[in-house]
1. At a Förster distance of 56 Å, what's the computed FRET efficiency of Glu488 paired with Thr207, Cβ-Cβ distance as r, to 0.05?
2. For the stretch 708-747, what is the largest minus smallest coordinate of the Cα atoms on each principal axis, given in angstrom and ordered from greatest to least?
3. Quick check on packing: order 608-617, 320-329, 552-561 by the mean number of other C-beta atoms within 10 Å, highest mean leading.
4. Placing +1 at every Lys and Arg Cβ and -1 at every Asp and Glu Cβ, with all other atoms neutral, what dipole size does the stretch 449-748 have around its Cα centre, in debye to the nearest 20?
5. Grab the beta carbon distance between Met223 and Ser608, set R0 = 35 Å, and tell me the FRET efficiency rounded to 0.05.
6. Between Asp279 and Ile695, what is 0.36 nm times their sequence separation minus the Cα-Cα distance? Round to one decimal in nm.
7. Greater than 24 Å separation of Cα atoms is the criterion. Which listed pairs, Lys124/Lys560; Lys186/Lys269; Lys178/Lys515; Lys610/Lys654, meet it?
8. If packing is taken as the average count of other Cβ atoms within 10 Å, what order do 239-250, 539-550 fall into, highest mean first?
Amino acid sequence: MEVKDQSSKPFFSGVFMQVVFKYRKHLTIIGILAIILSAIFSAPFFITPLYKSEVILYPTASKSISKALLSKTFGNTKDILEFGEEEQTEQMLQVLNSNKIRDRVIIKYNLLEHYNISPDSRYKMTNLYKNYESNFRFRRTEYMAVQIIVYDKDAQMAADMANDIAELVDSTINRMQKEVAVRAFKIVETEYLSLKDEVHLKEDSLTVLREFGVHDYESQSEMFNRQLAIEMAKGNRDGVKRLEERLEILAKYGGPYVSIRDALEHDKKQLSEIKAKYDEAKVDATENLPHKFIVSNAYKAEKKSYPIRWLIVVVATFSVLFLAIIVFGANEVFSGRISLEIKKKSLSAGFNRKTIFDEVRQENRPQPLAEEKQDIIDPPTQKIIEIEERISVIEANTTRQNQSSGPIKEKKVSLVQKEKSVSEGEFKNTEMDNFFNSSNLLNLVNKWKYHLLIIVGIAALLAAIFSGPTFITPMYKSYAVVYPANVEPYSEESETEQMLQIMGSQDITDSVIKKFDLPRHYEIDPNYKYFRTVLLYEYNQNVKISKTPFESVLIEVFDKDPDTARLMVNAILNFYDHKVSRLHKDKYVEVVDMYSNQLEFKRQNLDSLKQIMFELGTEYGLFEYEFQSQEIMRGYLKTLTGSGADRVNTSEVKRLLENMEQKSGQLIEVVQMIQDESRAYVEVKIDYEMALRFIASDMTYSNIVTYPYVADKKSYPIRWLIVVVVSIAAFVFALLTILFIEKRKLNA
């Protein structure tokens, strides 16, 4: 295959094959060496083999023991034996990625020593966490299950760690839930015991009233009135007097008795409901249930999973061969033995498409190696000479052919001049186009290689210097992953989005700024005109709060002091709890004030109604409409039977009858109103006490999945990345400058 037959073809079909054919022996030797060396260096002596173990499990659908086992609400709970859906899978993945499981595995298996990390190393924790993250992987399968994958140099240890992580899921989730469940249990327990004490207090109050002789207001009222009528019929004044005294006591304490009795009835119903919640909360706080279904346990692997030696050998061999071909090809181009220039076709359409430049292009291809010893003329100069010679030939031929024709001669001379100018312009444009092709760029890099090396070296050195701690303050990162708890969304947003909004609120930002004195910490002058803007900008640059793919919230804080970074994360969490608590309590204070006013109003109504009832009993002798009216009518009609029926006190019966006629409607109304107001008072009081309980409670509103820790290695700046980017940018800028200089020379 000749060189001039390949130089005009595309790289991979022409020059590439030419280089392969020419250096086939070298490439064969390089390929064999690559195979041998990659096989050697992928052996266990150089790369530690890792064994893989995996566990596949499903999360459960229900997370609450009480709701799964004790709740009687239809359709409000999920079956305890039901597999979890996407939400439960994402939550389990977040728990698996938490530092709670990571730290327990690290401690149990002493991974610091197992990974050969020196305890005195400056970045021991960073290196330990990186090793952990590379060897422990958690992912969701296409069947919505959770896959736990562990790599380790010890096959049995890999299986043990995978199985232990699966077991730690239950204890970790239970521990997180217990933090909330125990607090909830204490709140319900306080309310339950408080209501239980109130029930005992009301029962004691009824006992005292019973000591005064009020046992059952309705039945006693009926019996006293009936007996009063009998005694009045007998004319037994002593008996009537004793009954009136009894009725006075009944009138005095009957209202409180009814109120306390009805309140006690409602309290007992409420106590029964709270008792059920108390039992549920107690179960949640003291008992545990598994939160997973294990589909496949991990076992000791018999064959290593990493490295895959044949794949390393294949990739290394092909990579080395490709790099060698590139190097050999570049060497051929730089030495001038191969030309990659691509010429444009001539713009002139004359000479039946076989123009001067077609011939020049055909003849200007590289010659066989035997001719390389001849004197070499600069290719652009050689082309100009050839073009001028051919134009001279054309002019001579044109002169001889047009001696007999004046107009035709002038026309052809004009055509020759035009062709000459077009040819020169085309040549110049062709040279400019070829100036930017890959061959000329490589030639240009080769020509200016020392300048470029110096420029890139200086840029890398300056980047390394100016990215050091003297010029760029190193920043350490601390972070936490949390889920919202004990909150409900205000509108259509999720609880996670609500947490993001609250954590990003201005008062939390101001609280963090004030607590850590960030203006001084960030070295911002308070007298600066744009002090507030700069301060908030620095805060937002260093504090990042975002939502993870698992619907949790990630809080990241960057700071020059690693301890301050961790403390700021904890402060944001604490301020979030305080803000949510304040938001809730502010609303409950309004509710308490409203219920307090209602209770006061209903208490006044009850007092006024009791006073009216007392007046009806003492002044008019009216206590209970239904039974008194029956006895009064029997006495008035003289239908009493038994001894003394003929001695009815007609005047007293007539007086009671007149009082009943005048005040019966009021009596019925007052009795009904007392009962209604008593029930309403109890209901409002229950709501009032519930609101007071929330005000007095001390709750947290987040479940911390990953706690912040003190970083031992900076996260910013990444010096090697800065050096690489600056070096590449310097190289590109220098190359563009060189291209501009060369273009100016060519135009000149």
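1. On the way: r = 43 Å, r/R0 = 0.77.
It comes to 0.85.
2. Extents along the principal axes, in whole Å: 64, 12, 6.
3. Values: 608-617: 18.3, 320-329: 15.6, 552-561: 20.9.
So the order, starting with the most tightly packed, is 552-561, 608-617, 320-329.
4. Numbers: 33 positive and 40 negative charges, 471 e Å.
In debye, rounded to 20, the stretch 449-748 gives about 2260.
5. Working: r = 28 Å, r/R0 = 0.80.
Given R0 = 35 Å and the Cβ-Cβ separation, E is 0.80.
6. Working: separation 416, 0.36 × 416 = 149.76 nm, distance 2.28 nm.
Stretched out fully, the Asp279 to Ile695 stretch lengthens by 147.5 nm.
7. Values: Lys124/Lys560 19 Å; Lys186/Lys269 21 Å; Lys178/Lys515 31 Å; Lys610/Lys654 26 Å.
Table pairs above 24 Å Cα-Cα are Lys178/Lys515; Lys610/Lys654.
8. Details: 239-250: 17.2, 539-550: 15.3.
Highest mean packing first, the order is 239-250, 539-550.
Read-outs throughout are calculated quantities, based only on the coordinates presented, and are distinct from any laboratory measurement. Here the structure is a predicted model, which means the values were calculated and not measured. We place every Cβ from the backbone using ideal geometry, glycine too, and count neighbours over all the protein chains shown.
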